[in-house]
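Beneath this line is the structure, given in structure tokens, with notes to follow.
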Amino acid sequence: MKLNVNGKSHEVDVEDDMPLLWVLRDELGITDVKYGCGIAQCGACTVHVDGVAVRSCQLAAGDVDGNVTTIEGLGSPSALHAVQEAWIEHQVAQCGYCQSGQIMQAASFLDLNGEPNDEQIDQAMSGNLCRCGTYPRIRAAIKTAATKLQGA
Amino acid sequence: MRRLALALTLILPAGVQAQDAGSSAWDRIYAVASHPRCTNCHVGESGRPAWDDLGYAKDSVHGMNIVAGESRIGAESIPCRVCHISAEGANNVPHAAPQIDEAWRLPPVELAWRGKSSVEVCQQLRHPEANDGFDMAELAEHVRTSAFVNYGFKPGAGRNAAPGTTEELAEDLEIWAAAGTPCVGD
């Protein structure tokens, strides 16, 4: 089957029910997307399909119906996404394992809700677990990113 | 018991028989409507789905601070479909997010059933303005064709299922409708 990931078209020979997560990591070698739980309980595997966040461990390859973006496609070191910039500004990441999922969820959330309040940020991000407990910085970075995106 | 039923059939007027059949059908409908597999999403204005009867504490709300909001699809924070994929799935992995070939969402708020009595749900379901605009024939058809209703009876992976089948529920709705949608206290 054909998959478009980060702007590139790929032909992959996989079973229809293989989770997108494993297609990305094992077939295409795109390892920025992380495996945490495999049952949509942690958010580490979050990517975008046509700009909307999705838990890639839950999405079967055969059900992918749009362009896939992982954090490598969200921004580049020379042209960071506003959420990535804010993450650096607030020094959010500790161990970093959950952070690609956090950033992808945050970027999708800000697309839907450009001026979120604290409660909405907490609701949107509570499905992304962080064992280092960086939650206060995540919330602060999302507010900064929202301001930047509003001004853009 | 069957002899008694037969005797009653012979001596009771047809209207009374239909009324009794309708009331019995309603009891079976309410057994479905009050089952946690249904009431976990048929919640009120809080927009917070429940996780009752899933092995967590009594009166549990959906983990991960999930709120579907006024939109009922989580548009204000995190859309339900981020985890509940809109495609038919085997749903054979315990504790994973169930998925169906429809956008996962909460039913309209006027269809809030969680914590409500049989009479309250009965009054809601027989009025189109409180049941999402369905007449009884449409409601039976909805039950037969809705991916959500079907999921409630076949949730997979050892999850508790609503009692009966979609067809039995649709037939009970038709019996209840034919009897004039009786509710206790009419």
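The values are calculated or read from the model by the stated rules, or taken from the named source; none is laboratory data. Treat the numbers as computed from the prediction; the structure is a model and nothing was measured. Positions of Cβ are generated from backbone atoms using ideal geometry, with glycine treated the same way; all protein chains shown enter the neighbour counts. Just so you know, the surface numbers come from the protein's heavy atoms only, side chains and all, with ligands and any DNA or RNA stripped out. Shrake-Rupley method; radii C 1.70, N 1.55, O 1.52, S 1.80 Å.
Numbers at a glance
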| quantity | calculated |
| --- | --- |
| Sites matching GluC sites (Glu not before Pro) across region A:1-68 that sit in DSSP coil, with at most 13 neighbouring C-beta atoms within 10 Å | A:Glu15 |
| At least 18 Å along the helix axis (C-alpha) and Kyte average at least 0.0, DSSP helices within chain A | A:99-112 |
| Amide H within-cut-off set for A:His10, under 5 Å, with H built and near neighbours excluded | A:Leu3, A:Asn4, A:Val5 |
| Residues of region A:34-74 buried by at least 10 Å² on assembly (accessible area, 1.4 Å probe, chain alone as reference) | A:Ile39, A:Ala40, A:Gln41, A:Val52, A:Ala53, A:Val54, A:Arg55, A:Gln58, A:Leu59, A:Asp63 |
| J(HN,Hα) series, region A:11-20, from Karplus relation 6.51 cos²θ - 1.76 cosθ + 1.60, nearest Hz, glycine and proline x | 9, 10, 10, 9, 5, 4, 8, 5, x, 3 |
| Spatially proximal aspartates and glutamates relative to A:Lys143 (Cα-Cα < 20 Å; intrachain offsets below 8 disregarded) | A:Glu85, A:Glu89, A:Asp111, A:Glu115, A:Asp118, A:Glu119, A:Asp122, B:Glu76 |
| Length-normalised contact order for region B:113-178 - Cα pairs under 8 Å, 6+ apart - percent | 27 |
| Rounded to the nearest 20 debye, dipole of region A:82-151 from Cβ charges on Lys, Arg, Asp, Glu | 220 |
| Amide H within-cut-off set for B:Glu88, under 5 Å, with H built and near neighbours excluded | B:Asp101 |
| For chain B, built as a Gaussian network whose Cα springs stay under 10 Å, the top-fluctuating residue of B:Asp59, B:Asp135, B:Asp27 | B:Asp59 |
| Alpha-carbon centroid distance for the pair region A:21-60 / region B:79-146, whole angstrom | 28 |
| Residues whose placed amide H lies under 5 Å from that of B:Ala50, excluding near-sequence neighbours | B:Cys41, B:His62 |
| Rounded if a/c under 1.5, otherwise prolate or oblate - region A:2-74, Cα gyration tensor axes | rounded |
| Cα centroid separation - region A:111-140 against region B:16-39, whole Å | 43 |
| Degrees, to the nearest 10: B:166-178 long Cα axis against longest axis of chain B | 50 |
